[in-house]
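Please read the structure below before turning to the comments.
The values are calculated or read from the model by the stated rules, or taken from the named source; none is laboratory data. All values reported here derive from a predicted model rather than from experimental measurement. Because the Cβ atoms are built from the backbone with ideal geometry, glycine has one as well, and the counts that use them run over all protein chains shown.
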Amino acid sequence: MTRPVQHRSLRLRAGAFAVACSFALGGCGASTAAGPGGSGGGAGCGPVTVAAPSGDPVAVDRPAEPRLPVTVRSADGSMVTVRDARRVLAVDLYGSLAEIVYGLGLGDRLVGRDVSTTFPAARRLPLVTAQGHDLSAEAVLRLNPSVILADGTIGPPEVLAQLRRSGIPVVLVDARETLAAIGPRVSAVAAALGVPDAGRGLAARVSREIAGAARPAPSGERPRVAFLYVRGNAGVYLIGGRGAGSDAMIEAAGGTDAGSVLGLSGFRPLTSEGMINAAPRVLLVLSGGLRSVGGASGLLRLPGVAQTPAGRDRRIVDVEDGALLSFGPRTGATITALAAAVHRTCR
């Protein structure tokens, strides 16, 4: 099932995340942070669920008709010619590529989805992933896509190679998980689909939204936040550091990434000593991960967690799996909601 492996800066690749569609904490006493789609803040310390954006990505005003054929350079260095964008399959670990296609105004051309693509308009689409995030060649071929967009977080590589051999253009997009990489990622998808003008418009809008959302608390305080990737059913317990993707979201929301302070890169095993040295004031987890360990009480039983300031205060923030690390059109709204949770006043 789920399995963390090395991928670039030790990011979790395909198979690491399981999507959770519910925001509830199952009796953990959660409150909800103010943000797009949510209301109200918790009155005291304790678990809080981020009201991550729950609607569809907002599409550009005037979706353009793709100008094809185009030849683009795939992230693996190969040159790929796209002649038809009427049936688009966009798949990756975090669901961001399908969000970008939708944001470009081409959502009606999507023919399938991966397990992380959970925005409402995509839920009716057939799944093409099995065993977590592994692509099923048979499921993909049944959909007869005219172009496939993917990145290095999804695989297996032999399936992508098989799909290429079948004659389907497969364009790989850079998989970097940083705020600065969102614009180039949007542009790469737009170029492959023959709508570069729409790409420029969407990238500019997302950049403005992130700039408006990424700000510290009015007091200037930047609480130390530790992102814990946990999957109790698979025995996976990790802490994120520099380059994990979670660090960018924490810092944009006005926090300090505890793993980065420790000098960690990517994801590292959770240890009692590491957690105590990290001394986070806030614990950030994915909603599905929190449920997998039995909620807040289960999280506090993990090595060293209860001995941290965040553990003592039960200051736990959970974000829906498909939102925190998507790095796409809805990232600005997620940052706003995350900041509200990280900086809420406990009294």
| said: All but one of (1) at pLDDT 95 or above; (2) within 12 Å of Leu338 (Cβ to Cβ) hold for Gly254; state the number of the condition that does not hold. | reply: (1)
| query | Any residue at all in the stretch 86-102 that is assigned to a helix (DSSP H, G or I), at pLDDT 95 or above, within 14 Å of Pro196 (Cα to Cα) and touching a Leu at 6+ places or on another chain (Cβ under 7 Å)? | reply | yes
| said: Just to verify a result, which residue in the stretch 100-143, among those that are within 17 Å of the chain's Cα centre (by Cα) and of a type in the set (A, V, I, L, M), is farthest from Pro157 (Cα to Cα)? | reply: Ala122
| All helices (runs of 4 or more DSSP H) inside the stretch 263-335 with 1 or more residues being more than 30 Å from Ile100 (Cβ to Cβ) | 272-278, 295-299, 309-313
| task | Only residues that are without any contact (Cβ under 8 Å) to a residue 12 or more places away in the chain and of a type in the set (Asp, Glu): list them for the stretch 89-133, please. | result | Asp108
| note | Among Leu141, Leu149, the single one that is under 20 Å from Asp56 (Cα atoms) and either modelled with pLDDT of 95 or more or hydroxyl-bearing (Ser, Thr, Tyr) (or both) is Leu149
| task | Filter the stretch 59-75 for residues that are modelled with pLDDT under 95 and over 19 Å from Ala203 (Cβ atoms) and give the result. | result | Glu65
| query | Quick check: anything in the stretch 188-196 in contact with a Pro (Cβ under 6 Å, 6 or more places away or on another chain) and either among the polar types (S, T, N, Q) or assigned to a helix (DSSP H, G or I) (or both)? | reply | yes
| request: Scan the stretch 100-136 for residues that are crowded, with 16+ Cβ neighbours inside 10 Å, over 19 Å from Pro63 (Cβ atoms), aliphatic (A, V, I, L, M) and touching an Asp or Glu at 6+ places or on another chain (Cβ under 9 Å) and jot them down. | output: Val128, Leu135
